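S.K.: Just passing along the structure, written as structure tokens.
The values are calculated or read from the model by the stated rules, or taken from the named source; none is laboratory data. Every value quoted in this text rests on a predicted model; they were computed, and no experiment measured them. Virtual Cβ from ideal backbone geometry, glycine too; neighbours counted across all protein chains shown.
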Amino acid sequence: MSLRARLRPSTCPSTRPSRTSPRRVRPARGLAAAATLALLASGCSLVGSESDEATDASGASATADSSGSAAGGTVTLVTHDSFYLPKKLIKQFESETGYTLELRSVGDAGSLTSQLVLTQDDPIGDVAFGVDNTFGSRALDNDVFAPADVDLPDGVAEHALPGDDDGTMVAVDDASVCVNVDTAWFDEQGIEPPTTLDDLTDPTYEDLFVTSGATTSSPGFAFLLTTIAAYGDDWQSYWSDLLDNGAKVDRGWEDAYQVDFTAGGGNGDRPIVLSYDSSPAFTTDGEGGTTTAALLDTCFQQTEYAGVLTNAENPEGAQAVLTWLTSDAVQAALPESMYVFPVVEGTALPSDWAQFAVQPDDPWTVDPADVAENRDTWLADWQDVVSR
Amino acid sequence: MLSIEGVSIAYEGTPAVRDVDLTVADGEVLAVLGPSGCGKSTLLRAVAGLEPALGRIAWDGRDLARTPTHRRGFALMFQDGQLFDHLTVARNVGYALRVRRLRGRRVAERVEELLDLVGLAGYGERLPGTLSGGERQRVALARSLAAQPRLLLLDEPLSALDAGLRERLAGDLRDILRRAGTTTLLVTHDHEEAFTVADRMAVMREGRVVQQGALAEVWREPVDAWTALFLGYARVLTGPAASALLAAADVTATGERVAVRRSALVADDGGPLRARVRSVRATPVQTRLVVDLEGPDSAPLGEADAVADLGRRVGPGDEVRLRVDPGRLAPLPG
Amino acid sequence: MTPRSPTSPGAGLRRVAGLVALAALPTAVLVVFFVVPVAGMVSRGFVVDGPGGPSVDVGGVLEVLGRDRTRRVLWFTVWSAAAGTAVSVLLGLPAAYALHRLEFPGRRLLRAAVIVPFVLPTVVVGVAFRELLGESGPVVRWLGVELDGTATAIVLGLAFFNVSVVVRVVGAAWESLDPRPGEAAAVLGASPVRVLATVTWPQLRPAVVSAATVVFLFCATAFGVVLTLGGLRYSSVETEIYLLTTDLLDLQGAAALSLLQLVAVVALMLLVGRLRPAGDGRVSRVVARPRRPRRGDAAALVLTGLAVLLLAAPVAALVVGSLQGPDGWSLVHYRALTSTGEDAWTGSSAADALVTSLRTSIDATWMSLLLGGLVAVLLSRRSRTRGERRVRRLLDGLFMLPLGVSAVTLGFGFLITLDSDLLDLRDSPLLVPIAQALVALPLVVRTLLPVLAGIDDRQRQAAASLGAGAWRTFLTVDVPVAWRPLLACAGFAFAVSLGEFGATSFLARPDDPTLPVVIYRLLSRPGDETFGTALAASVVLAAVTAAVMLLVERLRVRNLGAW
């Protein structure tokens, strides 16, 4: 790594693959030129940028030190690949606490949980965000999270994971997975849209429903839990009926919503889709209405948690991150950045959300411990039903 | 019969063959002789159908323009043989037979026969990679002959070989072609090869055929100095020297130039010409001299080559008398 | 390296030392970034925590292999990959011929463009394919064929991604084939079909086998295509490993399947070793000029047309989609690419992400060139002993392994093993380019190896006899021949890295996403605008790739070896 100093460029244009024409240089010189070019180019690469960042970081902590707040250092937040918060908020966190926040994403929520379990002895960060209530038990059983000593605002405790007696997991946001309908399409066709899970097996709605796979997508699994909560041991026969009625099972939410849903980005032709309670806020018609609606009797609430990792190198920093994630600023930014509802009471919602995103009063629930115990059986059974 | 009429071929814009007319009669071997780059190989490829050409290439009067290579019934033997390295010698030779849907014993017999013809009996199971250069060319020849092509096209068949082998193979080649009675178009830059193998020849220069005819005819009457030199004449003498030589040989000619082979002047005490020896070089069969010719009045006529028997003792500076062998002279027109 | 007196023991030792030095860096990288992580992950499946501490449980892993479901998954993987490979080769061969041996307008552009599918993120291709194959798509409407969610769709998807590999590999080999044996056959009366079967095919076979191997490995480890296009009915070994590792945390099952993948790759390499005869090694002397198409080329051109249609239709769907504004045709989505600032929901404008992508790709490119170049030099030297030859063959196979192993296993392996106290590499921003470089490495080796091996060793000996040292011999003999192919594989490595999503999604730093990651984020937001922007970003990614390939095309040499 001692090369790095030499590799760092003073300025770095975004691309410069070939400035000189190698055709005209002699081969040996061509090689030299290519080597130089490669060095220059790698300066415009991550090797170069890493040192740039290091400079940035030390600059930031220097500012923080001079402002006289808490001890510096780096705190690493491990999260899933859907995580996003505006950079402004991250800078604000860094300047207020003196920590440098490093982000690392490790795949989807399942992947995140699995990795936290596997690296529990020597964790890949200090604090994690993104384990949800369907994976929460696995994290609890493996002591992934350590108790944190933070003051939490109202609303967080109400979302605590059942079974988390030590309060190691701090709720940050929630979103309900609900069946959505394209109300505009139903109006046009003069058909009454469905409202319940049972309706989805009604011949009126034959070939109109598209959902995403329980084995391949997080909302898909949530919907499976919805049906398990609603039908108990009969859930498999419900799924049979659903499929007999022409329900389509796609891989992920993107495939179902963006491709097959009539109100999605593509030119789909199914007006009933599995999505979120917040989705109608994104389908406004520009005339004070929205063209889709969530069926509030079909919802399963997914809550995402954050927590200090056991064996974290920087537990204080980790707790600061928890405080930050439940702060007003972050909570208020959640809807626009991650399309989820804040859990802290009294957080202001964006106007479209306030108007069109309705949360279910009484969503379906399954005990996280049951989920942990039965996940593989349920998924295997589900796969059998679907591939039958 | 192959007839080539007014054929021109351009290679990326530059003309390689210009307005060539040639015919090859049935059973005849025609050699196209020319230096490298004169367009002879290109002409050969055009006859094979591998290059698009302007003009008319016809077989027995039927235009071949629309006939693809593999339907022409010709066979082309490449300079370096182009054996299929992944096939045995026997499969190489039998290739064209299999293409014609012959199978089994008939192929085996014919292959045997051909290998015998080219002197490689028993080589059938070997891979081309294990053969010497001469053997490879023989296999290539056998392969070309296998399907009894209407016309055999030979592209410098021997030039990849060393001198001794070349000479021997040239003789073999002639015998094989005679025995098989195959109509053949041969291109080469080596006049010895052409003389050994062909019945007729055409000389090509910068894309044009400058002369054609029976071997002896072309040999005796080269059309110009360049052709004469290319055909192996050692010098072209002009002016008084030419006149003196022609007079001494008792040849009547209209022109003032004469092409002379190295052995046209022979040291002979009774010879009509006088000369002074400039240098001497011994060869196994005779002594080669370079001499300054002198006119009747001892006027210098210029430099010439001559030969002397090995027994005759001559040294630089000696005066010799020379006689002229008229068969080794060729008066040039114009 | 320079052949001196092979009998002197000192020279022999120096030679071995030189070879070891050459092998050291690439082998070390492979061990640290591949062998150790994968072994770490697999060994987790074998070690079970029992009451008496951890113990090794081989039976559990074997039990997984005996499961009915495992057999089903394995069967599907093998046949879908085989079918995908077959279709890729069938469509790729005529296209390789047409694009590399025939002369027609737009040939260069087309050649650069066929590589585009290779780099498109699967999510986007999935969307494009499903717009075409979906219930209201043109295939159903015009042809009445329902392909969405079928195995046929999966096979077509696999072919979509991999035809370009066949075209490039086989095309390069075809282009440098000596045309004269074919002509010799033609003048012996062989029809074009016969020439193809008896002369061209044996010459081309090593390249086709190489391409098919790589394609098969790509197909067998394809993840997104199978899930997106096949729906939930089909599971491959790769998707199964994903499910077992991330969702079910069944490490035993995952380890069993990972082992299965490794064994399969090794078996495949052995098989291929038999199918791929040692070529004659000579750099071909005569190169055919591309010529105008003739009537006999009609079949090849029609098949090429089909291949181009297969490649172009989804891309066209993307382009059309990206140009659909709220009120008809518009460039609004393209304008959105640059305007995304601090407060938008992707974290980075597509333009910034493109820069990040390019920087990552540059790293991955030089890494794969450096390592691949070393490996190729090492493997191209003539072996003196059987032992040496065996070691070389082992290395050759070893560097192919990353193509056949699950990204999940590797990604998880990185995180659980690269945490030594001396050097915690898990934090390094270079992890992503290194992972990508490992994927591109076999392609680089396969391109350079035949070129270097084709140099007559006597040339090196001649250089040495004229007083050139090992390094100078390399510079004056090897480099002049190899540097253009090197550029060509630089382009390919760059493209591979540009579109890579698997490793990236495990290892990326969310504050500096690459373009595929941003596209994915755009797609996960409901609403027409972001969907259009995602499509526009994909089109830009495709265009940048095509531009890079076009640039490389201008620099490349005819004499490009086969992988």
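Results for (1) within 30 Å of residue A:127 (Cβ to Cβ); (2) free of Cβ contacts under 8 Å to residues at least 24 places away in the same chain; (3) crowded, with 22+ Cβ neighbours inside 10 Å, shown as yes or no for each residue.
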site: A:216; (1), (2), (3): yes, no, yes
site: A:221; (1), (2), (3): yes, no, yes
site: A:228; (1), (2), (3): no, no, yes
site: A:236; (1), (2), (3): no, no, no
site: A:276; (1), (2), (3): yes, no, yes
site: A:295; (1), (2), (3): no, no, no
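S.K.: Quick check on segment B:29-81: of everything there that is modelled with pLDDT of 90 or more and among the basic types (Lys, Arg), which residue is nearest to residue B:201 (Cα to Cα)?
M.R.: B:40
S.K.: Starting from segment C:513-536, take each residue that is closer than 14 Å to residue A:83 by Cα and more than 7 Å from chain A (Cβ to nearest Cβ) and list its partners that are surrounded by fewer than 24 Cβ atoms within 10 Å (Cβ to Cβ) and at pLDDT 80 or above, counting only C-beta distances under 6 angstrom and pairs at least six apart or across chains.
M.R.: Final answer for the pair search is none.
S.K.: Could you list, in sequence order, the residues of segment C:500-520 that are at pLDDT 75 or above and either assigned to a helix (DSSP H, G or I) or of a type in the set (Gly, Ala, Ser) (or both)?
M.R.: First pass over segment C:500-520, keeping only residues at pLDDT 75 or above: C:513-520.
Correct list: C:515, C:516, C:517, C:518, C:519, C:520.
S.K.: Just give me the residues in segment A:313-359 being modelled with pLDDT under 90, of a type in the set (Ser, Thr, Tyr) and surrounded by 17 or more Cβ atoms within 10 Å (Cβ to Cβ), in sequence order.
M.R.: Within segment A:313-359, A:337, A:339 meet the criteria.
S.K.: Could you tell me how many of the residues in segment A:263-289 are at pLDDT 90 or above and among the β-branched types (Val, Ile, Thr)?
M.R.: Qualifying residue count, segment A:263-289: 2.
Conditions tested, residue by residue: (1) farther than 16 Å from residue A:312 by Cα; (2) at pLDDT 90 or above; (3) over 19 Å from the mean Cα position of the chain (by Cα).
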residue	(1), (2), (3)
A:130	yes, yes, no
A:143	no, yes, yes
A:148	no, no, yes
A:164	yes, no, yes
A:167	yes, no, yes
A:177	yes, yes, no
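S.K.: Let me ask something else about it. Tell me which residues, restricted to segment A:281-333, are part of a loop (DSSP other than H, G, I, E, B), within 14 Å of chain C (Cβ to nearest Cβ) and over 30 Å from residue A:371 (Cα atoms).
M.R.: A:283, A:285, A:286, A:287, A:291, A:313, A:314
S.K.: Name the single residue that is farthest from residue A:74 (Cα to Cα) among those in segment A:86-121 being small (Gly, Ala, Ser) and more than 10 Å from chain C (Cβ to nearest Cβ).
M.R.: A:95
S.K.: Is it true that residue C:156 is more than 14 Å from chain B (Cβ to nearest Cβ), in a helix (DSSP H, G or I) and more than 30 Å from residue A:254 (Cα to Cα)? Please lay out each step first, then the result.
M.R.: Details: more than 14 Å from chain B (Cβ to nearest Cβ): yes; in a helix (DSSP H, G or I): yes; more than 30 Å from residue A:254 (Cα to Cα): no.
Spelling it out, it is not the case that residue C:156 is more than 14 Å from chain B (Cβ to nearest Cβ), in a helix (DSSP H, G or I) and more than 30 Å from residue A:254 (Cα to Cα).
Conditions tested, residue by residue: (1) touching a Lys or Arg at 6+ places or on another chain (Cβ under 7 Å); (2) of a type in the set (Lys, Arg); (3) in the same structural domain as residue B:169 (by TED's automatic domain parsing).
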residue	(1), (2), (3)
B:66	no, yes, yes
B:73	yes, no, yes
B:102	no, no, yes
B:127	no, no, yes
B:134	no, no, yes
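S.K.: So residue B:7 passes all but one of these: (1) assigned to a loop (DSSP other than H, G, I, E, B); (2) closer than 24 Å to residue C:291 by Cα. Which condition number does it fail?
M.R.: All conditions pass for residue B:7, except number (1).
S.K.: Scanning segment A:249-263 for residues that are over 20 Å from the mean Cα position of the chain (by Cα) and buried (at least 24 other Cβ atoms within 10 Å of the Cβ), which turns out nearest to residue A:222 (Cα to Cα)?
M.R.: Step one: list which residues in segment A:249-263 are over 20 Å from the mean Cα position of the chain (by Cα), which gives A:249, A:259-263.
Adding the requirement that they be buried (at least 24 other Cβ atoms within 10 Å of the Cβ) leaves A:249, A:259-261, A:263.
Numbers: A:249: 14, A:259: 20, A:260: 20, A:261: 19, A:263: 22 Å.
Going through the qualifying residues, I end up with A:249.
S.K.: Determine whether residue C:213 is modelled with pLDDT under 85 and not in a loop (DSSP other than H, G, I, E, B). Let's see the steps before the verdict.
M.R.: Numbers: modelled with pLDDT under 85: no; not in a loop (DSSP other than H, G, I, E, B): yes.
So residue C:213 does not fit the description; no.
S.K.: Going through segment C:39-77 one residue at a time, which ones are more than 14 Å from chain A (Cβ to nearest Cβ), crowded, with 16+ Cβ neighbours inside 10 Å and at pLDDT 80 or above?
M.R.: Scanning segment C:39-77 gives C:46, C:74, C:77.
S.K.: Being at the interface with another protein chain (Cβ under 8 Å from one of its Cβ atoms) and modelled with pLDDT under 75 is the filter here; which residues of segment C:477-499 pass it?
M.R.: Within segment C:477-499, C:480, C:483 qualify.
S.K.: Do we have residue A:266 as within 25 Å of residue A:87 (Cα to Cα), buried (at least 23 other Cβ atoms within 10 Å of the Cβ), more than 21 Å from the chain's Cα centre (by Cα) and not aromatic (Phe, Trp, Tyr) here? Let's see the steps before the verdict.
M.R.: Values: within 25 Å of residue A:87 (Cα to Cα): no; buried (at least 23 other Cβ atoms within 10 Å of the Cβ): yes; more than 21 Å from the chain's Cα centre (by Cα): yes; not aromatic (Phe, Trp, Tyr): yes.
Judged against the criteria, residue A:266 is not a match.
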